[in-house]
Amino acid sequence: NCNFFIKYRYMHVIKRCKERKKTVSFSSMPTEKKISSASDCINSMVDGSELRKVRSNSRVYHRYFLLDADMQSLRWEPSKKESDKAKIDVKSIKEVRTGKNTDTFRTNGNSDQISEDCAFSIIYGENYESLDLVANSADVANIWVTGLRYLISYGKHTLNMIQSSQDNMRASWLGDLFDEADVIGGKCISLCSAVQLIKKLSPGLKNVKIELKFKELHKVKDKIGSDVTKEEFIEVFHDLCTRPEIYFLLVQFSSNKEFLDTKDLMIFLEAEQGMAKVSEDISVEIIQKYEPSKEGQLKGWLSLDGFINYLMSADCHIFDPEQKIVCQDMNQPLSHYYINSSHNTYLIEDQFRGPSDITGYIRALKMGCRSVELDVWDGVIDIINKYAFVASEFPLILCLENHCSLMQQKVMFQHLKKILGDKIHADPPNLEDNYLPSPSDLKGKILLKGKKLASNCTGSEGEVTDEDEGAEMSQRMNNEGGEQQTVVQPKKFQLSKDLSDLVTLCKSVFASRCATDHPGDFVNYNKKFLARVYPSPMRIDSSNMNPQDFWKCGCQIVAMNYQTPGLMMDLNIGWFRQNGNCGYVLRPAIMREQVSYFSANTKDSVPGVSPQLLHIKIISGQNLPKPKGSGAKGDVVDPYVYVEIHGIPADCAEQRTKTIHQNGDNPIFDESFEFQINLPELAMVRFVVLDDDYIGDEFIGQYTIPFECIQPGFRHIPLQSLTGEVLPHAWLFVHVAITNRRGGGKPHKRGLSVRKGKKGREYATMRILFIKAIDEVFKSAAQPLREATDLRENMQGAGHCDTLQMSCHQTVTVTAQMLITCPFLPCSQMIQTSRTLLESSDSVYERILQVQKSAMEFHENLHDMGVKEGLKGRKLHKSVESFTWNITILKVITAETLSGRLTPVKNSAPIGDDDLHIFYHKKI
C-alpha cells in the first residue's frame, strides 16, 4: 500500500545518505518525475532535494532536505547541530510562504540574485521563526510548498488522504476509457490500441514515443508479451501527458485539494484571467464542458485533466476573442485607418525570376488584403470580382499598373465596367468635404487608384506623366550604372478619359525621406490624405521593409510582398489579425485628432498617452517540432524563446529565456520579463522559438499579436511556421499581466504574482512658443498640472485612484475603497478625505479646461502671431509644434482628471532616420 511504498523509498534514501560523506553534491538529486498529485509531492520530499538555506547575513548554505517517512519531521544535512536538532516538527509549522517575503530575504545582500519563484519560507514554532529556502527550480519549490501545505492541512490524516487520492478522478476516467477499448473483456488491450488511445487523448505525442514508453515499462517489469494492462496504460499516460506546471497552478487555487470546485474556479477566472461578471453558473458551465470524468461532472469538480483541457481551449487563447469580429468604429474617414496592402500581388516568388500567377490575388484577398496591384493578366479581373469581398465587406483599392496603349486602355475600361460593374466607386468627390468617406460608406465598393486627367480635360484622351515604380527603378539603375546623374524627366503617355473617370485615388507625389526628415508633418498630412508606401524596386529578391517604420508615421497603405515570408510579413499578418481581420485597423487617437502632437521617432514617453507595463512569464512549451530542414542533431531540440516588442523606438525591445536542452516535448522555461509600452495602440508582441545550435540557431515557430489584443492571465499561444501555417499541437504556455492599462473595455486585473515598482513623481510641463500672449496662457496651467499629478499620486497611495469620479455615487465608492485599504481611519475622517479629493479634482478639472479653451482661441491665428513676433522658418515651425504638444497634454490631463485617471508625461526625444521611398495618394 501507499504507506509501505513511502517507507520503502525513505529507507532507501536514508541508506544512500549514510553511505556518502557530509558534503552536498548536486548529482545526488533524484531522477526527475512528473508531478500530478499531492502523493507525488510527498514521495519527492521523502526522496529529498538540494535546497539553499538563506541567512540575513548574506550567507547561503547548501543543504539536503528530506521528509521523514512518518511525515512528522523535516530534516536537513549536513549540519553542525545534532541530528535530533537539525529538524523541524511538521506540527510546529504555522505557514509556508512563497516568494521572498520574510525579513531574512529582505535583508540578505544577495536577495536580488534569488528568483522569486524559487524562494519560499517555513514559519514555525511559538516564536514564528522562519526557515528561508531557495530551490534550484520553481518546480522543486512548488513540490515543497504544495507538500508542506497538505501536511499542515491534513496532519495525521495525510496518509489517508494520499491513499484515497490513488483512486482519483483521473484513474476513474482513464479506467472507463480502457474498459471501452477492452472489447473482449480480457483485462488488457493490444499495444497498438493503447498507443492509439493515448494519441487520441494527447494528439501532439508521436506514436513512436508512446510505443517506446510501453516497451520500457515492460522491460523494467521483465514482462513477456506486448499487451497492455489498465494499470500500465494509466502509468504511461501519467508519464507522458502530465503537465506539472498546470498541477502546481491548480493547487494554488484549490485550497489543498486535488481539484477545483466552482468557487475555486470563480476566484481563478476573476483574479488571474481578468474575467468580468464571474458567476457560479459560469464555473459550472466550464466544468461541464471540459471535465472528462463523470465524477467531476456530477460533483462540480474540475480535475487536473479538465483544467488542462480548459487552459488549452480557445477560451484561454492569448488573442482576445472580441477582436475576432469587426469591433472598431468604421465610420471615420478612410485616412484614419491602416489598410492591409499587397505589392506585386501577381507574383508568387521574387520579382525578377519568379513566376506570375493569379493565385497570388486569391491568396492576398483571402488573407484580408484591401489594396492590391492590378496588372493586366488573363482572368485577373474575374478573380478580383469573385474574391474581393470574401474575407471583408469593406472597400478594396485596386492600384492600376497602366502601361497600355489607348486601344488597350479602352479594352481595359470595358472589362472593368463589364465585370466589376456597380462595385466600382466612381462618384466625383464633394470638394466641400474635408475628409475622405468612411469604410462603412464604401462597403462592397472597389476604389481605383491610378493616373487621372485634369478636370478641365474635354477630349476622349489626354496626357499624363508616368510616375510608377518601373520609371523610378530605371532612373536608379542608370545612376548606379555609372552614367551621369542627371534629373530624368518622367515620361508622358496618353490616358483614356473613360479609364481616367473610373479613378478615385490618384495624384502620386514622390516624397523621399519625408517620413524620417519630417515625421511630425507627415503624421499631420496623413490625418486627411492617404499615403501609400511600397518596397524599393531595387529589392529584386522581393524582400520586405518593416511596416512599423511607416505605420508610426501614420502611413495607411504599406504594400507588402506577400510571397516573401519572414519577420516583416509576420508583423503585417499579426497586425491585421485584429478587428475581425477585415483589412482596416483604426490608427491611434493621437494620430487622428486635428490638434495633437506626435513625433514618429520618439524614444521616450508619448505626450498624453499612459505607458503600460507588460509582464510576461514564459512558463513552458508543448510539442515543439524539429526545425524544418535540420538534420545534424537528429530529433533532438534545444529550444529557447525570444519575446520581442515592436512599435515606436521607445517601445522596441527583446528578451530571451535560457536554453532547455534536449526537450522539445514539454520544456519548462519559467522566466519572467517586463516591458514598458509607451504607445500601446501601435505596439506588437512577437514570440519566437528557436533551436539552440552551435552551427546556427534555427527557427522553430513564432506568433505575433497586437498589444491591444492580448488577454491577461494564463494563456496558450499557438505557434506558426515560417510561412504562416499553424504548427500542429505546438504551443507556448505563458502568464500575462498588464498594469496601468487605461481606457474603456473590460477590466484587466493584475496577475497575483505581479508587483508594481515605485517610481519617482514626474510632472507634465508646457513648452514655450516664444509668442508672449499664448505663453502667458499656457503658463497659467503649470500649477493645476502639478496638482493633477499630485492628486493622482495621492489617490494611488490610498489604493483607490481608479474610483475618482464627479458624482455623489462615486463618493460612496471612494469611501468604500478607503474602508478596505485604511480600516483604522475613523469613518467621518474617511468621508471627509473622499469629499476633499473629489472637490480638489473638480477644481483642477475646471482650471485646466479653461486654459485649454483660452489657448484654442489663438489656434486659427497662430501662424500670423508667430510672424509678428519675428519667428520664421524652423523657429516658426517649432512654435506651432509646441502649441500642439501643449494642447495634447491639456486634453489628456483634462480627460483623465474627469475619469480619475491622471498620468504624468515626459518630453519627446529627437527624430530618427530612414531612407525608404514614399508616395502620397490623395483624393482629388
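The values are calculated or read from the model by the stated rules, or taken from the named source; none is laboratory data. What you see is a predicted model, and the numbers here were worked out from it, not measured in a lab. When we count neighbours, we look across all protein chains shown, and the Cβ atoms used for this are built from the backbone with ideal geometry, even at glycine. For accessibility, only protein heavy atoms count, side chains too; no ligands or nucleic acids. Shrake-Rupley method; radii C 1.70, N 1.55, O 1.52, S 1.80 Å.
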Residue span Ser58 to Ile768: 0.36 nm per residue of separation minus Cα-Cα distance leaves a gain in nm of 250.4 nm
Violating pairs (Cα-Cα greater than 20 angstrom) within the set Lys200/Lys289; Lys199/Lys230; Lys410/Lys443: Lys410/Lys443
So the carbon and sulfur contribution to the accessible area of the range 612-739, 1.4 Å probe, in percent, is 50
Computed ³J(HN,Hα) along the range 551-563: with the Karplus parameters 6.51/-1.76/1.60, θ = phi - 60°, integer Hz and x for glycine or proline, the list is 4, 5, 8, x, 5, 7, 10, 10, 6, 10, 7, 5, 7
Loop trypsin sites (Lys or Arg not before Pro), the range 33-133, which have at most 12 other Cβ atoms in a 10 Å radius of their Cβ (DSSP): Arg55, Arg59, Lys80, Lys81, Lys85
Counting other Cβ atoms within 10 Å of each Cβ, which GluC sites (Glu not before Pro) in the range 44-98 have at most 15 and sit in a DSSP loop? Glu82
Any residue on another chain or 5+ positions along whose placed amide H is under 5 Å from the amide H of Lys603 is listed here as Ala909
Quick query: amide H of Asp693 versus all other amide H atoms, modeled in the peptide plane; which residues come in under 5 Å with a sequence gap of 5 or more or a different chain? Glu698
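Probe radius 1.4 Å, ligands and nucleic acids ignored: give me the carbon and sulfur share of the accessible area of the range 174-316 as a rounded percent. Before the final figure, lay out each step's value.
Numbers: 3880 of 6960 Å².
Carbon-and-sulfur percentage of accessible area, whole number: 56.
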Which whole-Hz ³J(HN,Hα) couplings does the range 400-408 yield from phi under the Karplus relation 6.51 cos²θ - 1.76 cosθ + 1.60, θ = phi - 60°, glycine and proline marked x? 6, 9, 9, 10, 8, 6, 4, 4, 5
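Pop out the carbon and sulfur fraction of the accessible area of the range 38-165 as a percent, whole number, probe 1.4 Å.
41
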Measure up Lys451/Lys492; Lys386/Lys528; Lys366/Lys527 against 22 Å on the Cα-Cα distance and list the ones that go over. Lys386/Lys528; Lys366/Lys527
Loop chymotrypsin sites (Phe, Trp or Tyr not before Pro), the range 635-707 (other Cβ atoms within 10 Å of the site Cβ: 14 or fewer; DSSP): Tyr694
For Val558, what residues show an amide H to amide H distance below 5 Å, using hydrogens built from the backbone and excluding near sequence neighbours? Ile339, Ser341, Val533
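Suppose every K and R has +1 on its Cβ and every D and E has -1 on its Cβ; what is the size of the dipole of the range 38-165 about the Cα centre, in Debye to the nearest 20?
On the way: 17 positive and 18 negative charges, 70 e Å.
Taking the Cα centre of the range 38-165 as origin, the dipole is about 340 debye.
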